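Reviewing the structure listed below.
The values are calculated or read from the model by the stated rules, or taken from the named source; none is laboratory data. Given the structure is predicted, the values throughout are model-derived calculations rather than measurements. Positions of Cβ are generated from backbone atoms using ideal geometry, with glycine treated the same way; all protein chains shown enter the neighbour counts. When the accessible area is computed, the model is the full protein with side chains, heavy atoms only, and any ligands, DNA or RNA have been set aside. Shrake-Rupley method; radii C 1.70, N 1.55, O 1.52, S 1.80 Å.
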Protein chains: 2
Amino acid sequence: MTALELSADPVELTAALVDVPSVSGTEDTLADMVETALRDLGHLEVVRSGNTVLARTDLGLPSRVVLAGHLDTVPINDNLPLRRTGTGDDLVLHGLGSVDMKGGDAVLLHLAATVREPRHDLTFVFYDCEEIEADRNGLGRIQRDLPDWLRGDLAIVGEPSNAVVEAGCQGTMRIEVRTKGVRAHTARAWMGENAIHALAEPLRRLAEYEPRHVEIDGCHYREGLQAVGIKGGVSGNVVPDDAVLTVNHRFAPDRDSAAAEAHLREVFDGYDIVVTDFAEGALPGLQAPVAAEFVRAAGGEPVAKLGWTDVARFAALGMAAVNFGPGDPTLAHTQQENLPAHQVHQCAEVLRRFLS
Amino acid sequence: MTALELSADPVELTAALVDVPSVSGTEDTLADMVETALRDLGHLEVVRSGNTVLARTDLGLPSRVVLAGHLDTVPINDNLPLRRTGTGDDLVLHGLGSVDMKGGDAVLLHLAATVREPRHDLTFVFYDCEEIEADRNGLGRIQRDLPDWLRGDLAIVGEPSNAVVEAGCQGTMRIEVRTKGVRAHTARAWMGENAIHALAEPLRRLAEYEPRHVEIDGCHYREGLQAVGIKGGVSGNVVPDDAVLTVNHRFAPDRDSAAAEAHLREVFDGYDIVVTDFAEGALPGLQAPVAAEFVRAAGGEPVAKLGWTDVARFAALGMAAVNFGPGDPTLAHTQQENLPAHQVHQCAEVLRRFLS
């Protein structure tokens, strides 16, 4: 086990992290290395919980920033070890986890080592099992077991955002719209009632639905309402008595899940709907002083985060929370994941400017 | 192997046939018994082809009636051996194949033995593998290998029809209506195109479709157009790029499959449709003199056969073809299959009157 050199170029640190495989559930080697490196710095309080590593300053400063990144990746897909193309500013790192999110982890680890006199107290959270079932998520476990480790005035999650501040996140809800009918032989169809035909009207409403556009703190959220599954049928000569349409709603963070559900019940008025899954969105909270300061340091217009990320867990604690990390999020989970080195430097510089 | 007593009460003959299991593909024992019994009669030319047994008179009469029944059943479902309830006219036979169609077979075998001076030459066809894939159907094999054994002026298939003449049959066609879209993350749905939403319009057309009612030779056919399957979806957060609706069309025998397909292409104009399966219907052909005579002998109004049966194979040869047999067809393939004895006697009497 080679020691991680946290003070070195964060691009080289990214490369080192990528080359330690850490598919969800197997983060122990990487977590050991991160724990050791953080302890060796000497100026941080370090706690280990499972394969999550926590570290913080306790300088008695009036504000605290939480910086979080997950250590795990999706499964290996013939995309390890790391490959490099280009040089200098055009260097690109290719490999599993380069984008999602060892580039972000490297930036945060580098700052932990090199920002010794921060303007805010700092908490670092390197957690496990983000890429799998929500109930195994390391951040969720810390929230239950060590909740004060997550408290602060601003949370920055280093998920890939193309080095742009992505604020808050939209909520997500999945529902099933179920129609019932009466089975019959198709040669005597009038004796039955076709549950698939009964989906014509809910599908019409979906197809004609106009999603809201919502502006909050200068961030533009675009909602969505999309069928993600449809299923029905008994056999080739039977009028089906059951059909189900699965719909995914993405809602701007001015609505909570109860408001989103009420809206869906209105859209599908007259139909039997069941909520099967949801996650609250997160308001950007960019009016909070520390958050506003970070947006200024990042020097750009913040944009809305449309997908759901773990920032919502921090927002649920009443904190401002943003995504900010190197890499193109649309490359996450693809075999071709690759990370331009200059974005790693850019993120490290912005955060150094903000924290120093 | 007990010999079958063809001259005895056809209800007892039904009971004997039910108690010789003959699930599709395993009809050999029953076919052996039928062959032996028919040969023992002495007045019929008998031919064996696989597990199909053919027998005919050759009296040089000006007309010929073909009487056909399949020997096989669907799989045993804890409904053998035969059970009896009631007595006399209220006797009911319970068990696999009682309705579909050993009651009909028993009637035909009984007539083979007891109508020694028929008004028409007679051909009996007891065939295998009706309940499984069409390409193993014994009647199809005879049509290919021994086609002249199926020729005649009228075919009577002893499928259960509640002892009512069911004439001709409707055709059936299955199509797939496929919609295409573009995948995207549901949080950025405007970058994609939802293939499930695109099924809204085909489903609306289905739900509003008014099927034809068609009268032919006094038989009332009711067409149908029914979704029998629907499928689409990639995962819970992906705008799906592919969806498919499976539709079953039942069409009256005034249309052939080409006309039915043209009609469906009109109904789903603008959509990609593929015919996956079809079977031609059969005109009742009740104006043919021998057919008209049979309808008179049956003493009742003929009704349209709405499902598809092997009568269509005879109709395709240009013959009048009807279903006529004891038993309620809606009990076929159910565990509770049961046959009122009086319908067996009724069918035997009608056919004896017609043939003698």
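Annotations
- Whole-Å distance, taken between Cα centres, linking region A:171-233 and region B:1-78: 53 Å
- Shortest-first distances to equivalent copies, position A:Glu210, nm, label 7 Å out along Cβ: 3.4
- Ellipticity estimate at 222 nm from DSSP helix runs (n ≥ 4, -39,500 (n - 2.57)) divided over the protein assembly as shown, nearest 500: -8000 deg cm²/dmol
- Per-residue ³J(HN,Hα) for region B:251-263, Karplus 6.51 cos²θ - 1.76 cosθ + 1.60, θ = phi - 60°, Hz, x for Gly and Pro: 10, 5, x, 7, 10, 9, 5, 5, 5, 5, 5, 4, 4
- Working note: Karplus 6.51/-1.76/1.60 with θ = phi - 60° gives region A:134-143 the couplings 4, 6, 9, 4, x, 5, x, 5, 5, 4 Hz, where Gly and Pro are set to x.
- Surface per residue (accessible, 1.4 Å probe) for region B:171-279, Å²: 42 Å²
- Backbone amide hydrogens, once placed in the peptide plane, bring A:Ala304 within less than 5 Å of A:Ala167, A:His220, excluding anything fewer than 5 places away on its chain.
- Size of region A:177-274: Rg and Dmax of its alpha carbons, in Å, are 16.9, 60.
- The lysine pair count for the protein assembly as shown, using Cα distances under 22 Å and pairs eight or more places apart or on different chains, is 7.
- Each copy carries a label point for A:Thr87 at 7 Å from Cα toward Cβ; from one copy, the others' points are 10.7 nm away, ordered from shortest.
- Accessible surface buried upon A-B contact (total; probe 1.4 Å; Å², nearest 100): 3100 Å²
- The largest accessible area among A:Ile196, A:Ile132 belongs to the first residue in A:Ile132, A:Ile196, and the rest follow in falling order (1.4 Å probe, all chains).
- Excluding exposed DSSP-loop GluC sites (Glu not before Pro) (at most 15 other C-beta within 10 Å), longest clean stretch of chain A: A:134-356
- For region B:121-161, a/c is not less than 1.5, where a ≥ b ≥ c are the root eigenvalues of the C-alpha gyration tensor, and a/b does not top b/c. That puts it in the oblate class.
- What a 1.4 Å probe finds exposed on region B:203-353 is 49% carbon and sulfur by accessible area, rounded to a whole percent.
- Inter-copy label distances for A:Pro62: 11.8 nm (label point placed 7 Å from Cα along Cα→Cβ; shortest first).
- Using alpha carbons only, the radius of gyration of the protein assembly as shown set against its Kirkwood radius gives Rg/Rh = 1.21.
- Cα centre as origin, Lys/Arg/Asp/Glu Cβ charges: the protein assembly as shown dipole, Debye: 760 debye
- Calculated FRET efficiency, B:Asp28 to A:Glu117, Cβ-Cβ distance, R0 = 56 Å: about 0.05 to the nearest 0.05.
- A cut-off of 5 Å between modelled amide H atoms, ignoring neighbours fewer than 5 places along the same chain, links B:Val23 with B:Thr73.
- Accessible surface of region A:113-201, 1.4 Å probe, proportion on carbon and sulfur as whole %: 45 percent
- For B:Gly325, the residues whose amide H sits under 5 Å from its own are B:Ser161, B:Asn162, B:Ala163, B:Val164, ignoring neighbours fewer than 5 places away on the same chain, with H placed 1.01 Å from N.
- Estimated vicinal HN-Hα couplings, Hz - region A:211-220 in sequence order (Karplus 6.51, -1.76, 1.60; Gly, Pro = x): x, 6, 10, 10, 9, 9, 6, x, 9, 9
- Three principal axis extents describe the C-alpha atoms of chain A; from largest down they are 79, 44, 40 Å.
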